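The values are calculated or read from the model by the stated rules, or taken from the named source; none is laboratory data. What you see is a predicted model; the values in this text were computed from it and never measured. Here the Cβ positions follow ideal geometry from the backbone for every residue, glycine too, while neighbour counts run over all protein chains shown.
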Amino acid sequence: MDKKLLYALALGFCCITFSCSSDENGPGTGWDDIPEESLAGPSPIVDPAESNVNIPNVGFSVDGNVINMNMTGIYNPQTRDWLDLYGTSINGQNIWVEIDGKPRSILVEKNTSRVSRATTQVDVCFLVDNSGSMSEEADLLAAEIQSWSTKLEAMFDLKLGCVGYDGGWISGALDMDTPDKLYDFLNREGYTGTDRTYGFEDGNAETLVLAAANYETYGECGGAALHFADENFAFRSGANRLYVNFTDEPNQPGGESYKQFSVESVASQDDWKVWQGTIHTVFSGGDYYTETYSWRDLYYEKPWLMSDYTGGISILDAPANFEGVTLDGLLVTGALENSNTLKFRMASDLKSGLHTVKVTILTPDNSVKSVREFIDVDFSK
């Protein structure tokens, strides 16, 4: 018999006997711990209007044939605790993922419990209103950044950055760098109070100074600081990106000509993609800017709406002198400490094109529920 024919018959026999499969689902794919796709049931139905917890923006990264969806912790305001997530085939499953309408099997890993947790990348950027009334907040940030970052560095591969903004302009910045670099920046000799976040430092300072001229607004505008960082800082692809906005005033773009810096600029995923980050707000002007205040779109906006739109957490009653408030005590710290990675398989239908990822949360007792869709997700990057 022809040798080529014998080889073809032998190869066919091996494929039948040993369930020969494509590279996509064969040995060594990294799928070993992820439950089989056949176990992924449909998501429960949750009315978006009944959602009572925020699902934060997420970051996606690909590790071989596994897609990682990095998600900061989900805070339950009813119990004032963080939600433990349970994925496919786990007793008490409370989170489901559908991609393009198809249920996907997911494995949930709590980042702080992983052996490789130090490889989880987290980029945190502080947006600091450094107008005259914010000296206490600036001093707090400077005093606590070292101990706070030391704690988080033990959990993650951490980078920190900072943008200072005053009445209508970007007044200072440090690009994403090590926690020590940010500590040094905030504690420069002769700089105290709001001056701490003034000035541009490090290797790309000149570039940042030139760029800042494109972000002038009417008044204090955390939205301008946010977009300045997003468009000019060296964030890492796939990192879990967070912003913390410290302010005691409304977001003040200054009208239609500056609408790109409005809180509404992050309201739609068409404008602010999920991987661009989650925004957290620490607002210490609650005693003055109450609901009876004349909030006005594009001029005097509620800054915490940027958190609402991106699934972030807001502290709206921080004391004016920040007494008793610590970085470690901020909910954003808890969000990081309770972050998770949702792992699912890089199937062939996900290797190209844009996709819609639907995340549903529903606890067995129906007390915690939420649903959110992330659109235009590209897993091929």
| query | Just to be sure, is residue 269 touching a residue at least 40 places away in the same chain (Cβ under 8 Å), over 28 Å from residue 209 (Cα atoms), surrounded by fewer than 21 Cβ atoms within 10 Å (Cβ to Cβ) and polar (S, T, N, Q)? | reply | yes
| query | Which one of 362, 305, 331 is in contact (Cβ under 8 Å) with a residue 12 or more places away in the chain and over 30 Å from residue 152 (Cβ atoms)? | reply | 362
| task | Mind telling me which of the residues 58, 46, 66 ends up being closer than 22 Å to residue 122 by Cβ and out of contact with any helix residue (DSSP H, G or I) (no Cβ under 8 Å at 6 or more places or on another chain)? | result | 66
| said: Residues that are under 20 Å from the mean Cα position of the chain (by Cα) and closer than 30 Å to residue 110 by Cβ: does region 286-304 have at least one? | reply: yes
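Residues checked against (1) loosely packed, with under 14 Cβ neighbours inside 10 Å; (2) more than 26 Å from residue 273 (Cα to Cα):
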| residue | (1), (2) |
| --- | --- |
| 186 | no, yes |
| 192 | yes, yes |
| 199 | no, yes |
| 220 | no, no |
| 225 | no, no |
| 232 | no, no |
| 236 | no, no |
| Counting only residues that are out of contact with any helix residue (DSSP H, G or I) (no Cβ under 9 Å at 6 or more places or on another chain) and either within 16 Å of residue 222 (Cα to Cα) or in the same structural domain as residue 60 (by TED's automatic domain parsing) (or both), how many does region 309-333 have? | 1
| request: Just give me the residues in region 45-86 being farther than 24 Å from residue 268 by Cβ, touching a Gly at 6+ places or on another chain (Cβ under 8 Å), assigned to a loop (DSSP other than H, G, I, E, B) and not small (Gly, Ala, Ser), in sequence order. | output: 65, 83, 86
| request: Return only the number of the condition from (1) out of contact with any strand residue (DSSP E or B) (no Cβ under 6 Å at 6 or more places or on another chain); (2) within 18 Å of residue 336 (Cα to Cα); (3) surrounded by 12 or more Cβ atoms within 10 Å (Cβ to Cβ) that residue 89 does not satisfy. | output: (2)
| said: Being outside the structural domain of residue 67 (by TED's automatic domain parsing), closer than 29 Å to residue 61 by Cα and over 24 Å from the mean Cα position of the chain (by Cα) narrows it down to one residue among 232, 214, 204; which is it? | reply: 204
| Verdict on residue 68 being at pLDDT 90 or above, within 24 Å of residue 379 (Cβ to Cβ), touching a strand residue (DSSP E or B) at 6+ places or on another chain (Cβ under 7 Å) and of a type in the set (S, T, N, Q) | yes
| If you go through region 292-328 one residue at a time, how many are in contact with a strand residue (DSSP E or B) (Cβ under 6 Å, 6 or more places away or on another chain), surrounded by fewer than 21 Cβ atoms within 10 Å (Cβ to Cβ) and among the aromatic types (Phe, Trp, Tyr)? | 0
| Search result, residues across region 149-182 that are over 20 Å from the mean Cα position of the chain (by Cα), among the aromatic types (Phe, Trp, Tyr) and buried (at least 21 other Cβ atoms within 10 Å of the Cβ) | 165
| query | From the set of residues in region 122-138 that are charged (D, E, K, R) and either outside the structural domain of residue 252 (by TED's automatic domain parsing) or at pLDDT 75 or above (or both), which is nearest to residue 71 (Cα to Cα)? | reply | 123
| request: Answer yes or no: is there a residue in region 266-283 that is touching a helix residue (DSSP H, G or I) at 6+ places or on another chain (Cβ under 9 Å), under 28 Å from residue 92 (Cβ atoms) and among the small types (Gly, Ala, Ser). | output: no
